[in-house]
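Shown next, in structure tokens, is the structure this report addresses.
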Amino acid sequence: MSMILSASVVRVRDGLPLSASTDYDQSMGMQECRKYFKMLSKKLSQLPDRCTLKTGQYNINFISSLGVSYMMLCTENYPSVLAFCFLDELQKEFITTYNMMKTNTAVRPYCFIEFDNFIQRTKQRYNNTRSLSTKMNLADMQTEIKLRPPYQISVSELGSANGFAHLSVAEYKGTGKISAAPHQRLEPVTLPGIVSFVLSLLCGALNLIRGFHAIESLLQ
């Protein structure tokens, strides 16, 4: 059965959880996904604003906007269009309910836990497609996902020791793909550079000696 299992709202800059739906499933697969949730929340600032992580039985989708990320866990066969429509609804309601000042200055985890009520109601609607409003324009989301598909995160990439490379979000938005930003490389040291460095050291030493002599003359 395809369904949304849980969702959470997280601050992008430090991964602070702001709100989340209550989840009582203690299966091994769900526990593993919770680990992925935590790992992703710590790397949100390095990722594009729309991503998907496929773990096998489950998918983790999230979107980020204005310093806040909206994450959800669903079964692997849950339609991607509905998943991102669900996240879009969470985003619109959260932005309407809380201002950026509150989210930026939040200190305690789950300080907006009351938002869980909206998450639960919306999750129930999206788990029963017959109850979804006929006014929902899925075509717009389908077009948007086709033009700019979510960046696919691999499990191996998530667990790498070095983490994610800093990604070119602007390029991702324009092409639907993503590439690592170029790494800055240092130029090799040349002979003139070495000579200049040695001369700088000698000048520094001479200035130090002159300083000592000046102090001695003042003390005499």
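Taking every residue in region 120-143 that is closer than 19 Å to Glu93 by Cβ and pairing it with any residue that is at pLDDT below 85, at least 6 positions away or on another chain, the pairs with Cβ-Cβ distances below 8 Å are Gln120/Thr22; Gln124/Ser131; Arg125/Ser131; Arg125/Leu132; Tyr126/Leu132.
Among the residues of region 104-123, count how many are among the polar types (S, T, N, Q), surrounded by 12 or more Cβ atoms within 10 Å (Cβ to Cβ) and closer than 21 Å to Ser6 by Cα.
Filtering region 104-123 for residues among the polar types (S, T, N, Q) gives 104-105, 117, 120, 122.
Going one step further and asking which of them are surrounded by 12 or more Cβ atoms within 10 Å (Cβ to Cβ), we end up with 104, 120, 122.
Those still in the list that are closer than 21 Å to Ser6 by Cα too: 120, 122.
Of the residues in that region, 2 qualify.
Inclusion of Asn99 among residues that are out of contact with any strand residue (DSSP E or B) (no Cβ under 6 Å at 6 or more places or on another chain) and assigned by TED's automatic domain parsing to the domain that holds Thr129 is warranted. Of all the criteria given as (1) of a type outside the set (Gly, Ala, Ser); (2) within 21 Å of Arg11 (Cβ to Cβ); (3) at pLDDT below 90, the one not satisfied by Asp140 is (2). Looking across region 60-83, the residues that are more than 16 Å from the chain's Cα centre (by Cα) and either surrounded by fewer than 22 Cβ atoms within 10 Å (Cβ to Cβ) or of a type outside the set (Phe, Trp, Tyr) (or both) come down to Cys74, Thr75, Glu76, Asn77, Pro79, Ser80, Val81, Leu82, Ala83.
The values are calculated or read from the model by the stated rules, or taken from the named source; none is laboratory data. All values derive from a computational prediction rather than experimental measurement. Glycine gets a Cβ as well: all are built from the backbone with ideal geometry, and neighbour counts include every protein chain shown.
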